[in-house]
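Derivation of every value follows stated rules applied to the coordinates shown; laboratory data play no part. Here the structure is a predicted model, which is why all the values come from computation and not from measurement. When we count neighbours, we look across all protein chains shown, and the Cβ atoms used for this are built from the backbone with ideal geometry, even at glycine.
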Protein chains: 2
Amino acid sequence: MKKLLLVEDDLSLINGLSFAIKKQGCNLDTARTSHEADAVFADGKYDLVILDVSLPDGSGFDICRKIREMSNVPIIFLTAADEETDIIMGLDIGGDDYITKPFKLSVLMSRINAIMRRSGGFKNDAELCSNGITVRLLAGEVYKKGERINLTAGEYKLLCMFMENPDIVLSADQILGRLWDCDGKFVDNNTLTVYIRRLRAKIEDDPGEPKMIVTVRGMGYKWSV
Amino acid sequence: MKKLLLVEDDLSLINGLSFAIKKQGCNLDTARTSHEADAVFADGKYDLVILDVSLPDGSGFDICRKIREMSNVPIIFLTAADEETDIIMGLDIGGDDYITKPFKLSVLMSRINAIMRRSGGFKNDAELCSNGITVRLLAGEVYKKGERINLTAGEYKLLCMFMENPDIVLSADQILGRLWDCDGKFVDNNTLTVYIRRLRAKIEDDPGEPKMIVTVRGMGYKWSV
DNA sequence: ACCGGCGGTAAAAGTTTATAAAAATTTTAT
DNA sequence: ATAAAATTTTTATAAACTTTTACCGCCGGT
């Protein structure tokens, strides 16, 4: 899920944007002062930042400069001033877009999407996603309902194998063959059982009654979607 | 040199833009009709396309759709109509920006630059920048929060490889292959971990608990942004 | 109750990564 | 050209973590 940061002091605008953005399935944090923005930004990783230019305790331009020292995150300026020099300034110091008030919410949303498309286009492919579990293959990260989950390399490979074969029963031999195929001999042990259990403990809502990795008696396991 | 394509039927606008863009050191081709645009675009590879929405023989939107079937090139719409629905349409069908006439040339240039920056067009002559680390590629200099840091050649190449692949897990083999594969025979065993350690010592706030170069056990390392 | 497949646990065994320091190599200065 | 300095590579060892193994108990079917 995408995380946005909105830095804006006008409460009614925050409410409006918050509603529209969350409806789109994005996460939105807000900061109402320049100072707060610095702290919040340092704290979390954002996929896009919307900055009001005029804030009670400083300028959005300064926040942008600070952000650009450490990050390439897309930045949209939002402001009442449509002075030509301000627009140029905002874009030249690293902003991606500059929108002047008043604006239509739907236009802002389209601009947000355009910029996200452009900036995230390359990173976004290569993920597996089902049952509320997302695997980002390039980053090697696993999320459950947006929350990061830590898997070991073995658990990770096992999960990938399941998610690449949704609703297909995988026999123990198939799984062992792919994940532990270094040497042809895999003894009759319960290695796989142990892995299944640990993976379930990490991703199932109720590991006692697994819904995602279901065991098919006598045949193997399957990733049930 | 960057190549831009301008699709526009107003000759005075063509002249103005042509002058400004060429002054920036870019190459500019023009097309004055939708039909011509199709032919010209198919012919050459462009780094950015500027489309007038209303053309004598068709709509810029249609050109955009056609381009998007085959290319990811950045597209800016230019138009007299500032109807909200048009703006949304332009952005939603794959446009990167939408500028309404009349506009200031300097604003257009800033928007062009912002989009090229974002789409990677101007990447090579600039700098890598994330996590408070800046690498000036031309100067071969590295800064941490503004302070110059001295890296050896090997450390520098390693850092660049990381920063060019943010949030992507790089396996030891990938890294060794790119940095040491001059003649097929890799240096083996521990060389990479030693480099990682020395690079961490120089750029991490607390090398004991690395935040930028994080190890992904069993998979490799990644530049975490 | 007995059997067989399944899951739980803990600890041993095995790997991978980190650290330190010495040796070899390259670069730089004199 | 040689010495000195800096850098790169290798070696050795330690620490952290992962995987395997062994053993135990549960539950459903017979």
Non-local residues with an amide H under 5 Å from the amide H of residue B:149, with H modelled 1.01 Å from N and Pro and chain starts lacking one, are B:142, B:143, B:144
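Under 14 Å from the Cβ of residue B:219, count the other residues' Cβ atoms, weight Lys and Arg +1, Asp and Glu -1, and hand me the total. Show your work: numbers first, answer last.
Values: positive: A:136, A:157, B:217, B:222; negative: A:141, A:155, B:167, B:173.
Summing Lys and Arg as +1 and Asp and Glu as -1 gives 0.
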Inter-copy distances for residue B:100, label 7 Å out on the Cα-Cβ vector, sorted ascending, nm, one decimal, are 1.0
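Net charge near residue A:45, counting Lys/Arg +1 and Asp/Glu -1 over other residues with Cβ under 12 Å of its Cβ?
Details: positive: A:2, A:3, A:148, B:211; negative: A:29, A:43, A:47, A:141, B:167.
Here the charged neighbours net out to -1.
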Checked against the positive end of the charge dipole of the protein assembly as shown (+1 on Cβ of Lys and Arg, -1 on Cβ of Asp and Glu, about the Cα centre), the farthest of B:201, A:126, B:12 is B:201
For residue A:56, inter-copy label-point distances (7 Å, Cα→Cβ), nm, shortest first, read 5.8
Rounded to the nearest 5, the percent of DSSP beta bridges in the protein assembly as shown running antiparallel is 50
Each label sits 7 Å from Cα toward the beta-carbon; between residue B:173 and residue A:54 the label points are separated, in nm, by 5.9
Karplus-derived 3J(HN,Hα) from phi for region B:138-152 (6.51 cos²θ - 1.76 cosθ + 1.60, θ = phi - 60°), whole Hz, x at Gly and Pro, runs 5, 7, x, 10, 10, 10, 10, 6, x, 8, 5, 10, 9, 10, 7
Out of A:168, A:27, A:37 - ranked by how far each Cα lies towards the positive end of the dipole of chain A, with unit charges on the beta-carbon of charged residues - the top one is A:168
CD proxy, 222 nm, the protein assembly as shown: helix-only mean residue ellipticity via -39,500 (n - 2.57) per DSSP H run with n ≥ 4, per residue, nearest 500, stands at -13000 deg cm²/dmol
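For an R0 of 45 angstrom, estimate the FRET efficiency from the Cβ-Cβ distance between residue A:148 and residue B:42 and round to the nearest 0.05. Mind dumping the intermediate values first?
Details: r = 45 Å, r/R0 = 1.00.
E(calc), rounded to 0.05, equals 0.50.
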Label model pair residue A:20, residue B:164: point-to-point distance (7 angstrom along the Cα→beta-carbon line) in nm is 3.9
Residue span residue A:180 to residue A:198: 0.36 nm per residue of separation minus Cα-Cα distance leaves a gain in nm of 4.8 nm
Cα-only Rg/Rh for chain B with Kirkwood Rh rounds to 1.11
So, in nm and shortest first, the distances from residue A:20 to its counterparts in the other copies, with label points 7 Å along Cα→Cβ, work out as 2.7
With +1 at each Lys and Arg Cβ and -1 at each Asp and Glu Cβ, the charge dipole magnitude of chain A around its Cα centre, to the nearest 20 debye, comes out at 1040
Residue span residue A:217 to residue A:104: 0.36 nm per residue of separation minus Cα-Cα distance leaves a gain in nm of 35.0 nm
Taking every DSSP bridge whose two residues both lie in region B:3-119, the antiparallel percent to the nearest 5 is 10
Taking alpha-carbon centroids only, region B:196-216 lies from region B:19-38 a number of Å equal to 47
Share (percent) of C-alpha pair distances in the protein assembly as shown greater than 31 Å works out to 53
Put in order of increasing Cβ neighbours within 10 Å, starting from the fewest, A:162, A:41, B:19 give B:19, A:41, A:162
